[in-house]
Amino acid sequence: MTADRPSPRRARPAEDVPGLTACALCAGETAGGSDPLPGGQAERLRRLAADGAARLTFVDCLDECERGDVVVARPCSSQRRAGVVPVWFERLSGDDATADLEGWLRAGGPGAAEVPAGLADLVLPRTADVDEAATA
């Protein structure tokens, strides 16, 4: 591992790992050209997945284009079976927000831990029917 990336943590079974769905079209939109990381926010999310914090899926569009850097945190399988719904975020970008996201996902993410204070203002209120259609 390089000095700027933490070493991967102990692997969890895939069913215990929350998921992330990110919009491939708007990933990196919030920081734009001022993001110092090559690959920007999309690269940060790829690193989270590579380090085992989440299962990552990029989609063409989440139909929230005006909100930039839309990321949906999906509950792990057991939380989903218990009725926990995904948590949608807008303008989720940068090292600090991504670190908050990683910590929350490692704590179990949706249904297992409270959304961190640093991400609370980025949560998009959603209805269950919209969540089901977009993250099924």
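The values are calculated or read from the model by the stated rules, or taken from the named source; none is laboratory data. The shown structure was predicted, so the numbers you read here are calculated from the model rather than taken from an experiment. A quick note on method: Cβ atoms are made from the backbone with ideal geometry, for glycine too, and the neighbour counts reach across all protein chains shown.
Quick notes on this one:
- Considering only residues in segment 93-103 that are touching a helix residue (DSSP H, G or I) at 6+ places or on another chain (Cβ under 7 Å) and free of Cβ contacts under 8 Å to residues at least 40 places away in the same chain, the one that is surrounded by the most Cβ atoms within 10 Å (Cβ to Cβ) turns out to be Ala97.
- Some residue of segment 74-81 being in a loop (DSSP other than H, G, I, E, B), in contact (Cβ under 8 Å) with a residue 40 or more places away in the chain, small (Gly, Ala, Ser) and surrounded by fewer than 21 Cβ atoms within 10 Å (Cβ to Cβ): no
- Of all residues assigned to segment 85-94, none qualifies as being in a strand (DSSP E or B) and of a type in the set (Lys, Arg).
- Annotation: of all residues in segment 37-51 being crowded, with 17+ Cβ neighbours inside 10 Å and basic (Lys, Arg), the one that is farthest from Cys23 (Cα to Cα) is Arg47.
- Residues of segment 62-82 satisfying the condition of being closer than 19 Å to Cys26 by Cα and either more than 16 Å from the chain's Cα centre (by Cα) or among the basic types (Lys, Arg) (or both): Asp63, Cys65, Glu66, Arg67, Arg74
- Each residue in segment 1-36 was checked for being modelled with pLDDT of 65 or more and surrounded by 10 or more Cβ atoms within 10 Å (Cβ to Cβ), and 19 of them qualify.
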